[in-house]
Amino acid sequence: MEFRELRYASADGLNLYARDYGALTGGLVPLLCLPGLTRNSKDFETIAPRLSASRRIVCPDFRGRGRSQYAGDPFTYRPEAELADTIALLDRLGIARAAVIGTSRGGIVAMLMTAKHPERLAGLLFNDIGPRIETEGLLRIRSYLGKTPAFQSWAEAAAGLRLVHAGFGTLSDAEWLAFARRVFHEENGVPVADSDAALAVTFPTSEDIAQGKVAELWELFDLTKTFPVTVLRGENSDLLSAATVAAMMARHGSAEAATVANRGHVPFLDEPEAFAAIERWLARIDRREKAR
């Protein structure tokens, strides 16, 4: 097995799950990979085996996703609760500091870490997420969030992903199928959603999104200025605009940015330009940590 499976408890008693790759001790600063809104630890199997040769890689399933327990109170499906669960995981593993890759929702949780637990951070990489989220992308997510699709085969599940994930037109059938297996799991021989439909409860309504009633998080992003930061953007992303990336670069001062060709929201991270950007970012963090 490439990873160890870990169970740990949240403060409110949920049974949570994480994948733990690489050596338990020694090596370079650990990497913590935080997934998107409806995604889970499987998203990072694209990069974790390669990176775990030199450092520990920890990939949690947020509450209500993957193999973590669904919350009895759907109003706990908020970044603040997900951050508390993440800190509980780091404490459980005895990890004092980690570099953090935040994919979409995971990037929002990472920004919260800079405000509440900056001492636990060695650096941040934002995967197609920033302080300003585009209306088009939010409305697209709102259109399918909370719905429970019924697929009779993995081919149908892959086709369903094609309908709601624009900007990935160069993917082969095999790549769409691999994508589907990261988003869904199998029950009674058919693929089913790997997240709680109740995640929709705390997501903005279509009306609020259309009226611009979605908070921007620039004050949180400004707290990242003391950390090595990289921003990845899918070339065709409808959630993170090129203008927002440019503003992030200007405000941070020393952050790096990379565009991932032929990808919408979100890049898979194993694309050559994405993986190279991750390696450059980790090298910056390693130099900084060595000088501490």
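Remarks
- Using the average count of surrounding beta-carbon atoms within 10 Å as a protection proxy, the listed peptides 148-154, 230-236, 123-129, 68-74 rank, highest first, as 123-129, 230-236, 68-74, 148-154.
- Hits among lysines - C-alpha to C-alpha of Lys147 under 24 Å, sequence gap 8 or more where chains match: Lys42, Lys213
- The distance linking the range 12-72 with the range 216-289 is 20 Å (Cα centroid to Cα centroid, whole angstrom).
- Ordering of 189-195, 201-207 by packing [mean C-beta count within 10 Å, highest first]: 189-195, 201-207
- Net charge in the neighbourhood of Glu219 (other residues with Cβ under 14 Å of its Cβ; Lys, Arg +1, Asp, Glu -1) is +2.
- Net charge contributed by nearby residues that have their C-beta within less than 13 Å of Ala155 (K/R +1, D/E -1): 0
- Residue-averaged [θ]222 nm for the chain, counting only DSSP H segments that reach four residues, each worth -39500 (n - 2.57): -10500 deg cm²/dmol
- Efficiency of FRET between Val190 and Arg280 - r from beta-carbon atoms, R0 45 angstrom, step 0.05: 0.60
- Note: relative contact order over the chain, using C-alpha pairs below 8 Å and six or more positions apart, is 20 percent.
- What the pair-distance distribution of the range 67-135 shows, using all Cα-Cα distances binned every 10 Å from zero, is 19, 50, 28, 3 percent.
- Packing order of peptides 42-48, 20-26, highest average first: 42-48, 20-26 (average count of other Cβ atoms within 10 Å over each peptide's residues).
- Cut-off 15 Å between beta-carbons: net charge of the residues surrounding Val109, Lys and Arg +1, Asp and Glu -1: +1
- Of all lysines in the structure, not one has an alpha carbon short of 17 Å from that of Lys290, not counting any fewer than 8 places away in one chain.
- Of Ile57, Ile95, the sequence from fewest to most neighbouring Cβ atoms within 10 angstrom is Ile95, Ile57.
- Legend: Rg and Dmax of the chain, from Cα coordinates, 17.9, 55 Å.
Every number in this text was worked out from the coordinates using simple rules, so none of it is lab data. Quick caveat: nothing in here was measured; it's all calculated off a predicted structure. FYI the Cβ positions are ideal-geometry reconstructions off the backbone, even for glycines, and counts take in every protein chain you see.
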